[in-house]
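See structure below.
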Amino acid sequence: ILVLISAKDIDKLKEISNNVSGKLNITGISNTKVKEDIKNTYQYIKANENTILNEQHSLRSFDITVQISNILGSNISSGLGSAVYIAIISSIYKKNLKPGLAVLGNISVGGAIERAINFSDKITMLSENGAKTVVVPMDNLNELANIPASVLGNTDVPFYSNNQMLMQKGILLD
């Protein structure tokens with residue numbers, strides 16, 4: 001089981017993978033936009049499986065269940081793609097993520113990285129609630145000056161512009 005704090009609002013994303021048949025199940029939320037973000041990310045991985053995964057780690061070998069749970073009283077409305085991506089890939093490859101990791105931004109079905117909305121507020125809230133690293137889309141770089149210095153002193157804020165950079169910044173090195 002993998003737990004991430006992530007997305008447009010602060011939420012817990014539990015992603016579980018079991019060796020089975022390649023199905024995607026989304027539970028814990030009825031919001032159509034959130035489900036669409038999750039499905040788009042899954043479809044992106046599936047469409048690019050030859051470059052992202054190898055034969056031993058094919059999506060066809062796993063049932064993926066994404067369980068969304070609200071934390072800190074926030075509601076989620078969109079922007080889960082990047083968190084879902086790192087959760088699925090790290091789970092399939094059995095790679096640990098950095099402790100206290102949060103991921104902001106979305107990955108479209110075409111693989112484009114979409115900026116996080118309400119960037120400064122999210123970074124501040126995540127930092128105040130224990131996030132040690134918040135990985136953020138490069139498109140939010142110009143908003144870095146809006147984050148209080150006290151937050152930046154407690155939380156690392158690396159940026160990513162593609163799915164490979166996202167994985168490099170989020171995976172715990174062995």
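The values are calculated or read from the model by the stated rules, or taken from the named source; none is laboratory data. No experiment lies behind these values; they were computed from the predicted model shown. Positions of Cβ are backbone-derived with ideal geometry, glycine not excepted, and every protein chain shown enters the neighbour counts. Ligands, DNA and RNA are stripped out before the accessible areas are found, and what is left, the full protein with its side chains, is counted by its heavy atoms. Shrake-Rupley method; radii C 1.70, N 1.55, O 1.52, S 1.80 Å.
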Exercise. With respect to the numbered conditions (1) open to solvent by less than 10 Å² (accessible area, probe 1.4 Å); (2) closer than 22 Å to N162 by Cβ, which one is the sole condition not fulfilled by I68?
Worked result: (2)
For this session: Could you list, in sequence order, all residues of segment 148-172 that are more than 16 Å from the chain's Cα centre (by Cα) and surrounded by 19 or more Cβ atoms within 10 Å (Cβ to Cβ)?
Result: T155
For this session: Could you grab me the full set of residues in segment 120-144 that are charged (D, E, K, R) and either under 30 Å from E49 (Cβ atoms) or without any contact (Cβ under 8 Å) to a residue 24 or more places away in the chain (or both)?
Result: D121, E128, D139
Problem set entry | Out of I147, I113, I117, sole residue that is touching a residue at least 40 places away in the same chain (Cβ under 8 Å) and more than 17 Å from G170 (Cβ to Cβ) | I117
Problem set entry | Residue in segment 112-133 that is open to solvent by less than 70 Å² (accessible area, probe 1.4 Å), under 17 Å from the mean Cα position of the chain (by Cα) and among the basic types (K, R) present | yes
For this session: State all residues of segment 33-84 that are of a type in the set (A, V, I, L, M, F, W, C), more than 17 Å from G105 (Cα to Cα) and part of a helix (DSSP H, G or I); if no residue qualifies, say none.
Result: A47, I52, L59
Exercise. Is it the case that segment 96-107 has a residue that's part of a loop (DSSP other than H, G, I, E, B) and without any contact (Cβ under 8 Å) to a residue 24 or more places away in the chain?
Worked result: no
Seminar exercise, completed: Across segment 1-60, the tally of residues that are of a type in the set (A, V, I, L, M), modelled with pLDDT under 65 and open to solvent by 20 Å² or more (accessible area, probe 1.4 Å) stands at 6
For this session: Being open to solvent by less than 40 Å² (accessible area, probe 1.4 Å) and at pLDDT below 90 is the filter; apply it to segment 72-90 and report the residue that is nearest to K33 (Cα to Cα).
Result: S78
